[in-house]
Amino acid sequence: MSLRALVWPVTIFAITAYAWAPDAQHGAAVLKEQNCLACHTLDAGGASYVGSMDLGTRLTPNYSPSALATVIWNHTPAMWQEMSATGMTRPKAADEDWADVFAYLNSLQSPKGTPMAQSPEGNRVRGRLVFEEKGCVDCHRTPTTLAPQSPRPQKKFTPFSMVALGWGSGEHMYQEMRHKGVAWPRLSAQDMSDLVAYVNTLSW
Ligand code: HEC
Ligand code: HEC
């Protein structure tokens, strides 16, 4: 193999790694801006909201993007109910904001500068099974052939975009589930990685 062939992948990796630099400090600002602290605390100390929950405690054994995304995904409908009950407008954070929020939550658990844990490796074959077993395919399919369809063709999904869904078009999805009598699917971190790997293979 030529030296050039070796150097390129390394360079590309370095650039990608540099481009993705989650900013924990900005994550702390997002939590405030998005009103998360109306219901949650960060240190259990300043609980002003009845039943407030502390985001500074350990939320999952492993702080990887998939694991944290799953914790939030699984609680999403409960959070919406609470927001409707309190008349609060729904926060709307972008994918990158969620990356920063996760980096901040990670910084509360780990010595300063410790990067987030790696997500479990996604397996797209298993992802297809999850897409079927969790009922995603019942709605995300082409009307004619009933073949699985990407929830948003051309979009590159990550665990962060799966969380952002709960604060974006997710409510539409939730209404559709209620209409069809389907429960909000609960996912594991492995399911999340597998789903992301799979939906990214669906080009339409
Ligand atoms: C209107 C209140 C409310 C707001 C605003 C809110 N949450 Fe929550 N959140 C809840 C409730 C209620 C639960 C617990 C649901 C349950 O027990 O199933 C929860 C659960 C969670 C959990 C899981 C906690 C655990 O112990 O497993 C995380 C993480 C979380 N929220 C993060 C956030 C973030 C980040 C924001 C801001 C973008 C936010 N929440 C905004 C009410 C809220
Ligand atoms: C009952 C029907 C239904 C089921 C089941 C369902 N979805 Fe959806 N999904 C929707 C609807 C409706 C939307 C919103 C489309 C819109 O508003 O643009 C949506 C949106 C999405 C989006 C957001 C696309 C974007 O970028 O805006 C993702 C991601 C998604 N679904 C993934 C899933 C996954 C993963 C599952 C299975 C765990 C699933 N969906 C199960 C109906 C469903």
Query raised in the report: Residues with beta-carbon under 11 Å from that of V182, excluding V182: net charge, scoring Lys, Arg +1 and Asp, Glu -1?
Result: +1
Query raised in the report: Residue-wise, which Karplus ³J(HN,Hα) couplings in Hz belong to region 136-150, taking 6.51 cos²θ - 1.76 cosθ + 1.60, θ = phi - 60°, and x for glycine or proline?
Result: 4, 5, 4, 10, 8, 8, 6, x, 7, 8, 6, 6, x, 10, 5
Requested in this report: Please list, in chain and number order, the residues 5+ apart from T41 or on another chain whose amide H is under 5 Å from its amide H, with Hs placed from the backbone.
Outcome: M53, D54, L55
Report task. Return the single residue from A117, A99, A189 with maximal mean-square fluctuation; model: Gaussian network over the chain, springs between Cα atoms under 10 Å. Result -> A117
Report summary line: The set of residues whose placed amide H lies less than 5 Å from the amide H of D23, leaving out same-chain residues fewer than 5 positions away, is D100
Query raised in the report: What value, in deg cm²/dmol to 500, does the helix sum -39500 (n - 2.57) over DSSP H runs of n ≥ 4 give at 222 nm once divided by the residues of the chain?
Result: -16000 deg cm²/dmol
Query raised in the report: Taking a ≥ b ≥ c as the square roots of the eigenvalues of the Cα gyration tensor of the chain, is the shape rounded (a/c under 1.5), prolate (a/b larger than b/c) or oblate?
Result: oblate
Query raised in the report: What does the charge count near K134 come to, summing +1 for each Lys or Arg and -1 for each Asp or Glu among other residues with Cβ under 9 Å from its Cβ?
Result: -2
Report task. Would you list, by chain and number, the aspartates and glutamates whose Cα falls below 18 Å from the Cα of K32, excluding same-chain residues fewer than 8 positions away? Result -> D23, D43, D54, E82, D95, E96, D97, D100
Query raised in the report: Fewest first, what order do S161, S150, S193 take by the number of other Cβ atoms within 10 Å?
Result: S150, S161, S193
**Report entry** Eligible lysines near K134 by straight Cα distance, threshold 19 Å, same-chain separation 8 or greater
**Finding:** K180
Report summary line: Whole-Hz Karplus couplings 3J(HN,Hα) for region 109-114, θ = phi - 60° and coefficients 6.51, -1.76, 1.60, Gly and Pro as x, run 9, 10, x, 3, x, 6
Query raised in the report: Using the Karplus equation 6.51 cos²θ - 1.76 cosθ + 1.60 (θ = phi - 60°), what ³J(HN,Hα) coupling, rounded to whole Hz, does each residue of region 74-89 give in order, writing x for Gly and Pro?
Result: 5, 9, 4, x, 5, 5, 4, 4, 5, 5, 5, 4, 9, x, 8, 6
Requested in this report: Mind listing the long-range amide H neighbours of R141? Cut-off is under 5 Å, sequence gap 5 or more, other chains count too, H placed in the peptide plane at 1.01 Å from N.
Outcome: Q149
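Residue separation times 0.36 nm, minus the C-alpha to C-alpha distance between L146 and M83: what's the value?
19.2 nm
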Query raised in the report: Hey, if you put +1 on the Cβ of every Lys and Arg and -1 on every Asp and Glu Cβ in the chain, which of V101, M162, A117 ends up farthest toward the positive end of that dipole?
Result: M162
**Report entry** Within a Gaussian network of the chain (alpha carbon springs, distance under 10 Å), most fluctuating of V125, V71, V101
**Finding:** V125
Query - Order of K156, K112 under a 10 Å beta carbon neighbour criterion, fewest first - result: K112, K156
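Rule-based calculations on the coordinates, nothing more; no lab input. Remember, predicted model here, so these are calculated numbers, not experimental data. With ideal geometry, Cβ positions are generated from the backbone for all residues, glycine too; neighbour counts draw on all protein chains shown.
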